[in-house]
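Below: the structure, in C-alpha cells.
The values are calculated or read from the model by the stated rules, or taken from the named source; none is laboratory data. Because the structure is predicted, anything quoted here is derived from the model rather than measured. Please note: Cβ atoms are built from the backbone with ideal geometry, for glycine as well, and neighbour counts cover all protein chains shown.
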Amino acid sequence: MTIRKASVDDIPLIRDLTFKVWPQTYSTILSKEQIDYMLNMMYSETSLKQQMEKAHEFILVYYDNEPVGFASFSLIAPQVYKLHKIYVLPSQQGKGTGKYMIGELIKTMKTNGGTALQLNVNRNNKAKTFYEKIGFAIIKEEDIDIGNGYLMNDYIMERKL
C-alpha cells in the first residue's frame, strides 16, 4: 500500500470513493434522505475545496496502484489532531487498510509534536469496535445539529500518541 497527499485536483476521485463507500456504510444507520443530505453538505466539490482551504489535509491510499480509500485530518488544538474522515472501499475493508492509514497518519502527527488523535464516530457505526481495537477510547458523546432536522449522534474517541 502507498499513501499520497491529495490536492484540489483529486476532489473528483475523493467524491468517487465517497459515493462507493458512504451508502453502504450508513444505509443501516441513517435514512436515505439523511445520507443524500450529508453527502451533498460534506462532499460536494465546493465543500471539499473549502475543507482543504481550512487546513484539512487529505490523503489517498492505493493498493496495487488503485485508489482504495482516503482520509482527512487537521490540528484542532496544540498537539491534538482530529481525524475528520477515513473511508475504505468495501472490497478493501478487513484487510488492514484503515489500520495502515491511521498508523501512517500517527507517525506524521508524532513527528509534528502531536500527542493525541481524536475522531467522531456515529454511536451505531460498527467502526467503533475497529477504533477501540487500535487504541481509541470514548471520551464523550456529542449530538451535532447539521441542519434540515438532522442530528449526528456521535462518540468522540481519542488515542494518545
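Looking at S74, S44, can you tell me which residue is modelled with pLDDT of 95 or more, farther than 20 Å from N120 by Cα and polar (S, T, N, Q)?
After applying the criteria, what remains is S44.
Taking K128 as the residue in question, decide whether it is closer than 17 Å to L30 by Cα and outside any strand (DSSP E or B).
The answer is yes for K128.
Restricting the search to the range 57-71, which residues are within 13 Å of D10 (Cβ to Cβ) and without any contact (Cβ under 8 Å) to a residue 40 or more places away in the chain?
Correct list: A71 only.
Hey, among V61, V68, which residue is within 13 Å of the chain's Cα centre (by Cα), of a type outside the set (F, W, Y), crowded, with 18+ Cβ neighbours inside 10 Å and over 15 Å from F130 (Cβ atoms)?
None of the others qualify; the one that does is V61.
Taking the range 10-27 as the region of interest, how many residues are of a type outside the set (D, E, K, R) and under 17 Å from S72 (Cα atoms)?
Of the residues in that region, 9 qualify.
Against the condition closer than 23 Å to K160 by Cα, free of Cβ contacts under 8 Å to residues at least 60 places away in the same chain, among the aliphatic types (A, V, I, L, M) and in contact with a strand residue (DSSP E or B) (Cβ under 8 Å, 6 or more places away or on another chain), how does A77 come out, does it pass?
Spelling it out, it is not the case that A77 is closer than 23 Å to K160 by Cα, free of Cβ contacts under 8 Å to residues at least 60 places away in the same chain, among the aliphatic types (A, V, I, L, M) and in contact with a strand residue (DSSP E or B) (Cβ under 8 Å, 6 or more places away or on another chain).
Here are some conditions: (1) surrounded by fewer than 19 Cβ atoms within 10 Å (Cβ to Cβ); (2) of a type in the set (A, V, I, L, M); (3) more than 22 Å from A127 (Cα to Cα). M38 meets all but one. Which one does it not meet?
With (1) surrounded by fewer than 19 Cβ atoms within 10 Å (Cβ to Cβ); (2) of a type in the set (A, V, I, L, M); (3) more than 22 Å from A127 (Cα to Cα) applied to M38, the lone miss is (3).
Which residues, taken from the range 108-117, are within 23 Å of T2 (Cα to Cα) and surrounded by 12 or more Cβ atoms within 10 Å (Cβ to Cβ)?
T108, M109, K110, G114, L117 - these are the residues of the range 108-117 that are within 23 Å of T2 (Cα to Cα) and surrounded by 12 or more Cβ atoms within 10 Å (Cβ to Cβ).
Kindly list, by first and then second residue, each pair from a residue in the range 20-42 that is within 17 Å of P90 (Cβ to Cβ) to a residue that is modelled with pLDDT under 90 and surrounded by fewer than 17 Cβ atoms within 10 Å (Cβ to Cβ), limited to pairs with Cβ atoms under 7 Å and residues at least 6 apart or on different chains.
I35/P23
Among residues belonging to the range 118-161 that are in contact with a strand residue (DSSP E or B) (Cβ under 7 Å, 6 or more places away or on another chain) and of a type in the set (S, T, Y), point out the one that is surrounded by the most Cβ atoms within 10 Å (Cβ to Cβ).
Y131
Considering only residues that are of a type outside the set (V, I, T), under 19 Å from H56 (Cα atoms) and touching a residue at least 40 places away in the same chain (Cβ under 8 Å), which ones fall in the range 1-15?
Residues satisfying the conditions are R4, K5, A6, S7, D10, L13.
Yes or no: Y100 within 22 Å of Y62 (Cα to Cα) and surrounded by 12 or more Cβ atoms within 10 Å (Cβ to Cβ)?
Against the criterion (within 22 Å of Y62 (Cα to Cα) and surrounded by 12 or more Cβ atoms within 10 Å (Cβ to Cβ)), Y100 qualifies.
Please list, ordered by first then second residue, the pairs with beta carbon atoms under 8 Å, 6 or more apart or interchain, first in the range 88-103 and under 20 Å from R15 (Cβ atoms), second in a helix (DSSP H, G or I) and of a type in the set (K, R).
Close Cβ pairs satisfying both conditions: L89/K20; P90/K20.
I139 is checked against (1) in contact (Cβ under 8 Å) with a residue 24 or more places away in the chain; (2) outside any loop (DSSP other than H, G, I, E, B); (3) not charged (D, E, K, R) and fails just one. What number does that condition carry?
Failing condition for I139: (1).
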